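Colleague: Dropping the structure in here first, questions after.
Bear in mind these aren't lab numbers, they're just calculated from the coordinates by the rules spelled out. What you see is a predicted model; the values in this text were computed from it and never measured. With ideal geometry, Cβ positions are generated from the backbone for all residues, glycine too; neighbour counts draw on all protein chains shown.
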Amino acid sequence: MGQSTLNYYSQNSFKVAERYESADVTKLHDFLLSSLKPGGRLLELGCGSGRDAAFMVNQGFKVLATDGSASMVQQVKTHHPELAGHAVHLKLPDGLSNELGVFDGIYAVAVLMHLSMQEIERTIRAVNPLLTAKGRFIFSVPARRDEALTNAFDSKGRRFTALSRDRWKDLCLKHNLQIVRTMISEDGLGRDGIVWMNCLAEKRLFMKLMLPIITTPHYPQQAPHPWPVGRYPSVWPVP
Ligand SMILES: C[S@@+](CC[C@H](N)C(=O)[O-])C[C@H]1O[C@@H](n2cnc3c(N)ncnc32)[C@H](O)[C@@H]1O
C-alpha cells in the first residue's frame, strides 16, 4: 500500500498538475515569503507541478524542486521550463541525504500527510542536518479534512496520516526544529471540508536550547483563526 500514493500521482500527473496550477495560493505564498530570508537557497519536497518553486525563483530564491513521482517532475518541466535542471526525482524519506548540500529553507506543501508515521519522523529527522544554522522548515498539512478514509487511505489510494498540531510540534521539537508560527488557510482549490495548517519551524541551536529566553526571536502575533487547530471532524481520526 505504501507505493499507492505515488502511483496515484504518477498515473494522474497531467490532470493533477493542471489543477494545482489553477489553485489560489496567495496566502501560502505570503507565508513563504515572510518566513524566508530573501535570496536564499531552498529545497522543495513534493513540488507537484512546480507552481511554488517557480514563484519562489521569480522572487529571487534559488530552488531545487523535488518530487517522488518522476511523472510529476516531467510536469514541472512542461509548466515551468525555467525550472528544467532544477527539478529532480526525490522520494521521501530515503532521498534526503547530505549529498544534497545545505539550504536556508526547506518547504513541503501538502506532502507530509501522504507519508506513514514512521516516514514522517524519518523525513523530519533528515531535514534538520540539511538546514543552515538559521535555516527554516516550512510545511502545510491538513488542519481539517472531512473525507472518509479506509485504514488511512482515501478512495484514490492515497495515504493520509492525520496528526494534531501538538503532534507536529512535538515531532519537530524531537528533532530540534521549533514551530514558531502557524497560519490557517482555506483550501486553494476551494474544496469544502478542507482547511490547511501552515507551519514555520526554526532550527534550534545548542545555545537556543540552553538560553531560550535570550535567543528566541520575537514573531508578530497571529490573528486568531476560526478553526480549532488540532481537532478534526469525527471522520478524521484524532490520533
Ligand atoms: C497534494 S500534492 C502537492 C503538490 C504541490 N506541493 C502543491 O501544493 O501543489 C502531493 C505531492 O507530493 C508528492 N509525493 C507524495 N508522496 C511522496 C513521497 N514519498 N516523496 C516525495 N514526494 C511525494 C506527490 O507526487 C505530489 O506531487
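Colleague: Based on the Cβ-Cβ distance from residue 4 to residue 192, what FRET efficiency comes out when R0 is 35 Å, to the nearest 0.05? The partial results should precede the final answer.
Modeller: Working: r = 25 Å, r/R0 = 0.71.
The value I calculate is 0.90.
Colleague: Right, here's the next one. For the pair residue 174 and residue 98, what calculated FRET efficiency results from E = 1/(1 + (r/R0)^6), where r is the Cβ-Cβ distance and R0 = 30 Å, to the nearest 0.05?
Modeller: Working: r = 20 Å, r/R0 = 0.67.
With a Förster radius of 30 Å, E is 0.90.
Colleague: Could you list which residues have their amide H under 5 Å from that of residue 181, counting only those 5 or more apart in sequence or on another chain, with H placed in the peptide plane?
Modeller: Under 5 Å from the amide H of residue 181 lie the amide H atoms of 200, each far enough along the sequence or on another chain.
Colleague: Then there is this: Give, in nm to one decimal, the length gained when the segment between residue 62 and residue 29 is fully stretched (0.36 nm per residue of separation minus the Cα-Cα distance). Walk me through the numbers before you get to the answer.
Modeller: Details: separation 33, 0.36 × 33 = 11.88 nm, distance 1.55 nm.
Gain on stretching residue 62 to residue 29: 10.3 nm.
Colleague: Sequence-distant or interchain residues sharing an amide H contact under 5 Å with residue 131, placed H: which?
Modeller: Long-range HN contacts for residue 131: 103.
Colleague: Would you mind counting up the charge near residue 131? Only other residues with Cβ under 11 Å from its Cβ, with Lys and Arg at +1 and Asp and Glu at -1. All intermediate terms of the calculation are to be shown ahead of the outcome.
Modeller: Values: positive: 41, 134, 136, 203, 204; negative: 104, 202.
It works out to a net charge of +3.
Colleague: Using the Cβ atoms and a cut-off under 15 Å, what net charge is assigned to the surroundings of residue 26, where Lys and Arg are +1 and Asp and Glu are -1?
Modeller: Values: positive: 27, 51; negative: 21, 24, 30, 52, 186, 187.
Around residue 26, the charge tally is -4.
Colleague: By the scheme Lys and Arg +1, Asp and Glu -1, what is the net charge of all other residues having a beta-carbon under 15 Å from that of residue 170?
Modeller: On the way: positive: 125, 165, 167, 169, 174, 204; negative: 121, 166.
Cβ neighbours under 15 Å give a net charge of +4.
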